[in-house]
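Some notes on the structure that comes next.
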Amino acid sequence: MFHGQLKKVFRESHAKGANLLAPVPTAMPMVTNCLDRGDYIGVLSEMRQHQCLRAGDVETWVFDLDNTLYPARYDLFAQIDQRMGRFIARKFGISTSEAKIIQKKYFHAHGTTLRGLMLNHGIEPNAFLSYVHDVDVSVLPTDPRLHRALEGLGGRKFVFTNASAAHAWRVLERVGIASHFADVFDIFTAEFVPKPTPGVYDRLIRHCDFDPAKAAMIDDIARNLRPAADRGMLTVWVSNGDPTAPLENDIDYVDHVTGDVAGWLSDAGVGTHRS
Ligand SMILES: [Mg+2]
């Protein structure tokens, strides 16, 4: 009953693009009692009752890149999205509006537009990715607060992205946090099978060689966290009101939610041992 009420609040808040850091309804005193720093961290920890890993015990941190390690409001994805449409329009000699329909159809059917283009048209991934990621990253500011938060966090850190490593390193350099990451597990390493396909998470764990029971994953798309949770990882959902990151009905696999990654990591870093 309690969890049902909570999920309803989440869905409604998310649908309205509400700031989840806003005060919770006073009609839900149980929720208020669970709150940690005014967000829903404690509540979601309670929702996933089998979770026992504390942030301070995490040995490996796995971060999504886009809209996770920089705020969604800089809308870098709008540039990528536009270039995907332009690539398809040129390739097939069609209008940009026709291209947009194909782009979205493949995204929803295959997890990424690239996957649909590869399976249905044999598109060469390098050509597509280098074109669509040729975006202006100067719209992103450096983030010294996030840099300090990562610095204070023990354990190894990886990026796990459906984009290319080249794009990821460009963004990490621009934001000023590249030095913190041991490696980027990108769509090439994943052999073009995107998140949230469960098998890719097993490949990630083998490739980066970590114990999922002592690892955490942070992503702005909630459904990407489900396979991580299934493998015993602590999960942190970055809720940024992005309408392209739809909230599923059942988010029991989410342990923590935050709209402020640097702030959350700063708190998590207290008590951890630097590697
Ligand atoms: Mg993302």
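Would segment 87-104 turn up any residue that is away from the ligand (no atom under 16 Å from the Cβ), at pLDDT 85 or above, closer than 24 Å to W237 by Cβ and surrounded by 13 or more Cβ atoms within 10 Å (Cβ to Cβ)? Break it down into steps so the answer makes sense when it comes.
Restricting attention to segment 87-104, the residues satisfying the condition of being away from the ligand (no atom under 16 Å from the Cβ) are 87-104.
Right, trim to at pLDDT 85 or above and you get 87-104.
Within this subset, residues satisfying the condition of being closer than 24 Å to W237 by Cβ are 104.
Checking the rest, the ones that are also surrounded by 13 or more Cβ atoms within 10 Å (Cβ to Cβ) come to 104.
For segment 87-104, residues away from the ligand (no atom under 16 Å from the Cβ), at pLDDT 85 or above, closer than 24 Å to W237 by Cβ and surrounded by 13 or more Cβ atoms within 10 Å (Cβ to Cβ): present.
Quick grid of which residues meet (1) surrounded by 21 or more Cβ atoms within 10 Å (Cβ to Cβ); (2) away from the ligand (no atom under 16 Å from the Cβ); (3) modelled with pLDDT of 95 or more; (4) small (G, A, S):
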site: F181; (1), (2), (3), (4): no, no, yes, no
site: I187; (1), (2), (3), (4): yes, no, yes, no
site: Y201; (1), (2), (3), (4): yes, no, yes, no
site: H207; (1), (2), (3), (4): no, yes, yes, no
site: P243; (1), (2), (3), (4): no, no, no, no
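Residues that are over 17 Å from the mean Cα position of the chain (by Cα), at least 3 per element: which helices (runs of 4 or more DSSP H) completely within segment 159-271 meet that?
On the way: elements: 165-175, 198-208, 226-230, 261-269.
Per the criteria, 165-175, 198-208, 261-269.
Name every residue in segment 49-86 that is within 12 Å of the ligand (Cβ to nearest atom) and within 23 Å of P144 (Cβ to Cβ), in order of residue number.
Filtering segment 49-86 down to residues within 12 Å of the ligand (Cβ to nearest atom) leaves 63-72, 76-77, 80.
Across segment 49-86, the qualifying residues are F63, D64, L65, D66, N67, T68, L69, Y70, P71, A72, L76.
The values are calculated or read from the model by the stated rules, or taken from the named source; none is laboratory data. Keep in mind it's a predicted model, so treat the numbers as computed, not measured. Every residue, glycine as well, gets a Cβ built from its backbone with ideal geometry; the counts of neighbours run over all protein chains shown.
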